[in-house]
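Read the structure below first, then the notes.
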Amino acid sequence: MDIKTRVIEIIAEQAMLEPGDVQLTHTLADLGLDSLGLVESIFAIEEAFDITVPFNANEPEKSDFDISSVVTMITAVETLVKDQK
Amino acid sequence: MSARRKSNGRRVVITGAGTINALGGDVPSTLAAMAEGRCGIGPLDIRDVDRLAIQIGGQVTGYDEQKHFNRQQIALYDRFTQFTLIAAKEAMAGAGLSFTGELAARSGVVLGTSGGGLNTQDENYRAVYEDGKNRVHPFIVPKLMNNAATSHLSIEYNLKGPSFTVATACASSNHAMGQAFQMIRTGMADVMLTGGSEAMLCFGGIKAWEGLRVMSRDACRPFSANRNGMVQGEGAAVFVFEDYDMARARGADILAEVVGFAMTSDAADIVMPSAQGAERAITGAMADAGLDPEDVGYINAHGTGTAANDKTECSAVAHAFGPHADRLMMSSTKSMHGHLIGGTGAVELLACIMALRDGIIAPTIGYEEPDPECALDVVPNEARHAKVGAVLSNAFAFGGLNAVLALRSV
């Protein structure tokens, strides 16, 4: 399974949606994901890809992990997988 | 100061205080550190620290349990119980009380803790899971239970009245002290040992907190725009709360009067705080105390250094105090001793007593950049001399449980 499909699956599960309902342009708010849903998604991503995601909930803007939309998160995971593998 | 709103019952005063925490092994050294603005947060010295992402804390350093306790006691006392007994010894020496007969029956203990014997749990899970051992020490349960510290205090000082432990995460100590206050005020008890203790600085304790991604890797900077999270501490503070008439009659040294308490629940979110819930607790404590906003000169903030708490707390204070919010001082001493979770309100009450008794307002250290969402006088970086007649101590817990105490000088 490619990274994009897996990340969408993880986000869909947290948002309690079908993967087909998650669009690349969706924001966390569009998906109804709050701060707890976000940290749980990041944990699931770390477990799925065996990577460490640098993310501090107090300063999300300072993180290299861009959470502004589904596609930015996919891109960030792809970069982390490349860098950490 | 306004007249007391109504007769709430008996007056309650503090006649003893004791502590051990990252700033010092007793009250004088802790208050001196707070007045200096000294930071007790540093590199953690615990097993497997290299496997932690968060490697700092407000640890009680140079601590040797064998200097305080014998072999049998150590077998029974988790670190959080040890801290409690050390703090209580100082508080009891200051109060000059002994408990026999009717007074013993009318005196008790109510303490706050969140993790209880977490070090004991951590060590023994390691023994059975990681080391594969099939046998553990016989005292694990009495050592790890959350009420162990309360029970050992009652045993040590012969306190036979109402005694229990309160666990409301970061508000545990304030809830405990609020209960002790109300018990004396309503006549259920004459003297209560109260406060709280925490010893969560172990691998499992820190690892669990890492998961929430709210911890700072470098410093606790409450209210500063560049804050990046909380830092855990450990330790205890214990106080002797006593009926005012009794304290006066025996000529006790009165440290401060406890005049009000309120608790509220946000009923909203398990981790995100609500300004309305905090505001209701603040205004409730003032109403209970018969204080007007203008009477309050200092607030010891919950001030965790997280993005969520600090702006919510400042908003709550701004709403509760109106124009007076710009005139009062509010600091977070967590910047110095770290967040003691279930013991934090107890150690922070020491800063309130220092403000009332010594006219020294403990600073918020590590303050580097103003935050427009925290635009109050947070006493940045340096302590200040000021005469204040009444103070509040805020505690707002995960789970949305809020507890605020009001004190004034006597």
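The values are calculated or read from the model by the stated rules, or taken from the named source; none is laboratory data. Quantities reported herein were computed from a predicted structural model and do not represent experimental measurements. Virtual Cβ from ideal backbone geometry, glycine too; neighbours counted across all protein chains shown. Surface areas here come from the heavy atoms of the whole protein model, side chains and all, with no ligands, DNA or RNA. Shrake-Rupley method; radii C 1.70, N 1.55, O 1.52, S 1.80 Å.
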Rounded, prolate or oblate for chain B? Axes are the square roots of the Cα gyration tensor eigenvalues, ordered a ≥ b ≥ c, and the cut-off for rounded is a/c under 1.5.
oblate
Dimensions in Å of the stretch B:274-368 - Rg and Dmax from alpha carbons:
12.9, 36
Explain nothing, just compute: Karplus ³J(HN,Hα) = 6.51 cos²θ - 1.76 cosθ + 1.60, θ = phi - 60°, for every residue of the stretch A:35-42 in order, whole Hz, x for Gly and Pro.
5, 5, x, 5, 5, 6, 5, 5
Using the Kirkwood formula over every pair of different C-alpha atoms, what hydrodynamic radius in Å results for the protein assembly as shown?
23.4
Classify the stretch B:167-211 as rounded, prolate or oblate from the Cα gyration tensor: take a ≥ b ≥ c as the square roots of its eigenvalues, call it rounded if a/c is under 1.5, otherwise prolate when a/b beats b/c and oblate if not.
prolate
Report, in whole Å, the centroid distance computed from the Cα atoms of the stretch B:59-120 and the stretch A:45-85.
45
Taking only protein heavy atoms and a 1.4 Å probe, what accessible area per residue, in Å², does the protein assembly as shown have with all protein chains in place?
40
Can you return the lysines within cross-link range of B:K207? Criterion is Cα-Cα under 25 Å, with same-chain partners fewer than 8 residues away left out.
A:K62, A:K85, B:K133, B:K143, B:K334
Give a residue-ordered list of calculated ³J(HN,Hα) values for the stretch B:205-215 (Karplus: 6.51 cos²θ - 1.76 cosθ + 1.60, θ = phi - 60°; whole Hz; x for Gly, Pro).
x, 6, 4, 4, 5, 3, x, 6, 6, 10, 8
Interchain or long-range residues, amide H under 5 Å from A:F65's placed H:
none
Size of the dipole of the stretch B:12-249 about the Cα centre, Lys and Arg at +1 and Asp and Glu at -1 on the beta carbon, nothing else charged, in debye to 20?
340
For B:302-309, B:223-230, ranked highest to lowest by mean beta-carbon neighbours within 10 Å, the order is B:302-309, B:223-230
Whole-Hz Karplus couplings 3J(HN,Hα) for the stretch B:308-323, θ = phi - 60° and coefficients 6.51, -1.76, 1.60, Gly and Pro as x, run 5, 5, 5, 6, 5, 5, 5, 5, 4, 5, 4, 5, 5, 9, x, x
Residues with amide H under 5 Å of B:A22's amide H, sequence separation 5 or more or different chain, H placed in the peptide plane at 1.01 Å from N; which?
B:E234
With Cβ to Cβ distances under 13 Å as the rule, what net charge do the other residues near B:F203 carry (K, R +1; D, E -1)?
-3
Sort the stretch B:204-309 into rounded, prolate or oblate with this rule: let a ≥ b ≥ c be the square roots of the eigenvalues of the Cα gyration tensor; rounded if a/c is under 1.5, and if a/c is not under 1.5, prolate when a/b is larger than b/c, oblate otherwise.
prolate
Give the percent of DSSP beta bridges with both residues in the stretch B:277-410 that are antiparallel, rounded to the nearest 5.
55
Given H placed on each backbone N at 1.01 Å, which residues far from B:N228 in sequence or on other chains put an amide H within less than 5 Å of it?
B:R221
Which semi-axis lengths, in whole Å and largest first, follow from the square roots of five times the eigenvalues of the Cα gyration tensor of chain A?
18, 15, 11
